[in-house]
Structure formats: structure tokens, C-alpha cells
Amino acid sequence: MNIIRELEKDLMKKDVTDFKVGDTVRVAVKIKEGDKTRNQAFEGIVIARKGSGIKETFTVRHISFGEGVERVFLIHSPQIDSIKVVKKGKVNRARLYYLRKRVGKSTSVKEERDVVKGQANAGLGEKSAA
């Protein structure tokens, strides 16, 4: 069993972006048309992550022309050029399959805000000595 994991480590990407369920991501996928290749972006909310190791997948969902579109990507696939986090989402679930039934503004996810320690109340109530 350990032999398989050692072989998988060589095939796994080293520069995978850290993201979680609820985040809005932009995935650049390599598309081959004839003898040319180009990158096509697919942007949406991550509704699920499954698996581990080289078999790990994630599902991205977005609305296109009023129709919900979902796409499953392998994280370590050579067809994925890059994964960029557009917005951090704040959710309390591991799977967001309930978004499939929702329409309009109810499909939005709360945004998680990063607060740097020590700067949360900077400038509030402090008087300068000048």
C-alpha cells in the first residue's frame, strides 16, 4: 500500500492553491483544439471536495444563462492550469448540495473576511500624541 502512495507523490502537483467548500474559485482549464491549446476559465462556488491523494476531486457550480452548470475537476490533473480563489466563503457544511434547489440571491454564500491581528481596532478610540 505504501508503494502506491509513494508513486502517487511523484505525480501530484506541488503548487495546489488552498481552498475549501464555499469558496468562489476561478479554474483555468487547458482546452486543446486541433494543434492549438488555450486556457478557458470556469468560475463558480465550490460545493464539494471528495477523495484524497491523487484522486481528490472538487465540484464547482455556477449559473449560466439561467441554468445551473456543475463541473467536477481532478485537483492534480494536468489539464488544470491554475486555481485562483476569488472570494472566501463562510459555510458550516462539508457539501453545499442544497444550492441546487435555490434560485437568485438565495444561492449566495456569506463572505469570510480576514482580519489582521492588532489592526482590528486601529484608529478607533486612540488619540495621537501629535
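The values are calculated or read from the model by the stated rules, or taken from the named source; none is laboratory data. As the structure is a prediction and not an experimental result, all values here were calculated from the model. Backbone-built Cβ (ideal geometry, glycine too); neighbour counts: all protein chains shown.
Summary of computed values
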item	result
So Gly34, is it on the phi > 0 side of the Ramachandran plot and surrounded by fewer than 11 Cβ atoms within 10 Å (Cβ to Cβ)	yes
Residue list for the range 75-116, restricted to those being modelled with pLDDT of 90 or more, assigned to a loop (DSSP other than H, G, I, E, B) and among the β-branched types (Val, Ile, Thr)	Ile75, Val91
Selection from the range 61-77 of residues that are under 30 Å from Glu6 (Cβ atoms) and in contact with a strand residue (DSSP E or B) (Cβ under 8 Å, 6 or more places away or on another chain)	Val72, Phe73, Leu74, Ile75
Matching residues in the range 21-35 - criterion: being of a type in the set (Gly, Ala, Ser) and touching a Gly at 6+ places or on another chain (Cβ under 9 Å)	Gly22
Filter pass, Ile47 being surrounded by 11 or more Cβ atoms within 10 Å (Cβ to Cβ) and under 30 Å from Ile3 (Cβ atoms)	no
Residue list for the range 1-18, filter: in a helix (DSSP H, G or I) and either in contact (Cβ under 8 Å) with a residue 24 or more places away in the chain or under 30 Å from Asn92 (Cβ atoms) (or both)	Arg5, Glu8, Leu11
Residue satisfying all of: in the range 28-56; touching a Lys or Arg at 6+ places or on another chain (Cβ under 8 Å) and among the β-branched types (Val, Ile, Thr); farthest from Val109 (Cα to Cα) among these	Thr37
Within the range 72-105, tally of residues that are surrounded by 11 or more Cβ atoms within 10 Å (Cβ to Cβ), more than 14 Å from Thr17 (Cβ to Cβ) and in contact with a Ser or Thr (Cβ under 7 Å, 6 or more places away or on another chain)	3
